[in-house]
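Quick notes on the structure that follows.
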Amino acid sequence: MKNQPFLPFTRPSIDERTIAEVGDVLRSGWITTGPKCAELEAALSERLGGRPVRLVNSGTASLELGLRLCGIGPGDEVITTPLSWVATANVVLAVGATPVFVDSDPVTRNIDLNQVQRAITPRTRAVIPVDLAGLPVDRDLLNALAQKHGLRVIEDAAQSFGAHWGGREIGSFGDLVSFSFHANKNFTTSEGGCLVLNNEEEARQFEKLRLQGVTRLSDGGMEVEAWGSKANLTDVAAAIGLGQLRQVDDFNRRRRALAERYFARWDSSLGFSLPPEDREGHGNWHMFQPLLPARLAPRRGEFIAGMKAQGIGVGVHYPAMHLFSLFRQRGHKAGDFPVSEDIGARTITLPLFPAMADADVDRVCDAVATVTAALS
Ligand SMILES: *Cc1c(COP(=O)(O)O)cnc(C)c1O
């Protein structure tokens, strides 16, 4: 145990060919938004059934500019989940709208769509569902609900690149779909993201929002009608993405095999709650997240320290965000969303990334047993 290298909970896989291609961009004389971004947008669009795709420099920017594209702002409500990276609700605040949380489904850990229905008011403009750990929210129910109530959907698919619903890839259907290409995601550009849009008119509007509101004119001049952000991606980053796109399906297959090994090797007598096995193959296994036995929830810090002492990195994704000061100040309190609070207090993220060996899963399972026994 002692002489094995530290096993982080995730690590990107960047092959030598991709590294060489990044070198080519750096030597080319054009390192910001240019031909590599155009190539990656076209490749993503082709993969996603021809829908327009526009790159930005983060998943956060893609969500925020997606809200702005829908004209969502002060006085509007946007329904989302408290179990996500805080970006999901921060972007709603950023545009001046109000995030309205609803509780999670205890099995999938995703937003409970029945509760979404009950949270709809005359001010509700949109829903931001999150595919936690890459397990998709039920798109049939979600899109039917949105259609019935005339709501926009900005899918926070930051974690679900390559996942599917009803045999269709996430991003290839629905309303607006946002991906993140942060270093920890299944597909990375180091930092980056993209929005999948409904039509070319939306794509043109989004291009203005992503770069200072500028429209280029045919005579070489420009026009600015409205505010725009500074959120364009670089060609250096896009070159990484083109390399990842060649490999992401292999990465996701490897992640699934590792997850299956976790299920096969897991000692159920330890009292953890495992994630859904996803036998249907919808998800992309972005993360593997058991929930600690309830008695260990107050001792999560000790559990993580114990695993670290065994050479294994453990993450927490995520505490229920309505309990952060930012949202308590806005009136939230413990007890508002009991399912999310319970999951948020017990969740741990164990190592899962494509370069892991089967033996690494065995090592993690053994360490979990050792550390759990030590805390009993
Ligand atoms: C990573 C992530 C984001 C934000 O993406 P960035 O690229 O880091 O801005 C938003 N939502 C979820 C669910 C994420 O996992």
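The values are calculated or read from the model by the stated rules, or taken from the named source; none is laboratory data. Owing to the predicted nature of the structure, the values given are computational and were not obtained by experimental measurement. Please note: Cβ atoms are built from the backbone with ideal geometry, for glycine as well, and neighbour counts cover all protein chains shown. Note: accessible area is taken over every heavy atom of the protein model, side chains too, but ligands, DNA and RNA are not part of it. Shrake-Rupley method; radii C 1.70, N 1.55, O 1.52, S 1.80 Å.
The table below lists the values:
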{"read-out": "Degrees separating the helix 300-309 axis from the principal Cα axis of the chain, which is the longest one", "value": "80 degrees"}
{"read-out": "Approximate spin-label separation Arg256-Ser268, in nm, with each point projected 7 Å along Cα-to-Cβ", "value": "2.3 nm"}
{"read-out": "Cα gyration tensor category, rounded, prolate or oblate, for the chain with a/c compared to 1.5", "value": "oblate"}
{"read-out": "Centre separation in Å (Cα based) which lies between the stretch 31-79 and the stretch 312-369", "value": "28 Å"}
{"read-out": "Cross-link reach list, aspartates and glutamates versus Lys36, counting only Cα pairs under 17 Å and skipping chain neighbours closer than eight places", "value": "Glu21, Asp24, Glu46, Glu191, Glu207, Asp235"}
{"read-out": "Segment Ala144-Ala374, extension gain: residue separation times 0.36 nm, minus the distance between their alpha carbons", "value": "77.9 nm"}
{"read-out": "Cα-centred dipole magnitude for the chain, charges only on beta-carbon of K, R (+1) and D, E (-1), debye, nearest 20", "value": "780 debye"}
{"read-out": "Over the chain, relative contact order from alpha-carbon pairs under 8 Å, at least 6 apart, %", "value": "23 percent"}
{"read-out": "Whole-number accessible area per residue in Å² for the chain, which is evaluated in the context of all protein chains at 1.4 Å", "value": "42 Å²"}
{"read-out": "Using alpha-carbon coordinates, inclination of helix 139-149 to the longest axis of the chain, degrees", "value": "50 degrees"}
{"read-out": "Percent of beta bridges antiparallel (DSSP, the chain, rounded to nearest 5)", "value": "55 percent"}
{"read-out": "Gyration tensor (alpha-carbon) shape descriptor, the stretch 174-319, a/c threshold 1.5", "value": "prolate"}
{"read-out": "On Cα atoms only, tilt of 358-374 relative to the major axis of the chain in degrees", "value": "60 degrees"}
{"read-out": "Of Ser104, Ser325, Ser13, the one that fluctuates the most in a GNM where the chain has Cα springs shorter than 10 Å", "value": "Ser325"}
{"read-out": "Contour minus Cα-Cα distance for Glu16 and Phe324 (0.36 nm per residue)", "value": "106.7 nm"}
{"read-out": "Of all accessible heavy-atom area on the chain, the percent that carbon and sulfur account for (1.4 Å)", "value": "53 percent"}
